[in-house]
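This report concerns only the one structure given below.
Please treat every number below as a calculation from the coordinates, not as lab data. Keep in mind that this is a model prediction, so the values were computed, not measured. When we count neighbours, we look across all protein chains shown, and the Cβ atoms used for this are built from the backbone with ideal geometry, even at glycine.
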Amino acid sequence: MGDPKKPKKKYRGPKHLFQAGRIDEELKVMGKYGLRSKRELWKYKTRLSNVRGLVRKMLALTEEKRGATERDFLQKLKRLGILPPTAALSDVLNLSIDDFLERRLQTVIYRIGLAQTIHQARQLITHGHITIEGKKKTAPSYIVTADEEKRISYALASALEKPDHPLREMLALKMRGRGEAKVISEVPEMEAEAEEEIETPEEEEKGGEGE
């Protein structure tokens, strides 16, 4: 059984600790998703490895034998937003570590614009400023389902609930700036498309002479 005071390790570390390429890659992922330590990253790598192993075992079976197990397994991954609604069992083998990290509460908070940076998102969660369906969540690693993502908000008791809070105003300015930048970047493309689609009077005359 093991010692109940010493919980079982939930991850498998790398076989070779000092590989420059792997270390650089891990540091990039940690910075992108605001992970606190490499143990957090290794947990998701282990989870991904276990999922792939389970899929390979199921694919070795006939459709009749894996029936309900395959259906429940895919339904869970789709509910978590890790897989798209139309995904098949073989699509699970194409999943990457990013597909799992994107569903962490910390990442979702940053993506939907409730925090300025991925690191600030972690701080807001641990300080109790974030709720899902009115229930406070303080674990940045919490996996958000597709339905829960629509119900994330600031806690009612949090100062961030007020629209005039400095952070809320800065986020609003940031989002407004993104919208304006998008419109500005689209204008030249639209003008170029319009020039291709609409002929000038001179071009129309030339076209008419040739017919």
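Remarks
- With respect to the conditions (1) touching a helix residue (DSSP H, G or I) at 6+ places or on another chain (Cβ under 7 Å); (2) among the basic types (Lys, Arg); (3) surrounded by 11 or more Cβ atoms within 10 Å (Cβ to Cβ), Arg79 falls short on a single one, namely (1).
- The residues of segment 52-76 that are touching a helix residue (DSSP H, G or I) at 6+ places or on another chain (Cβ under 7 Å) and among the aliphatic types (A, V, I, L, M), listed by number, are Val55, Met58, Leu59, Leu74.
- Output for segment 48-74, where each listed residue is farther than 23 Å from Arg12 by Cα and among the small types (Gly, Ala, Ser): Ala60, Gly67, Ala68
- Of everything in segment 111-158 that is part of a helix (DSSP H, G or I) and free of Cβ contacts under 8 Å to residues at least 24 places away in the same chain, the residue that is nearest to Leu74 (Cα to Cα) is Glu148.
- Inside segment 114-171, residues that are touching a Leu at 6+ places or on another chain (Cβ under 7 Å), under 23 Å from Glu40 (Cα atoms) and of a type in the set (Lys, Arg) make up a count of 1.
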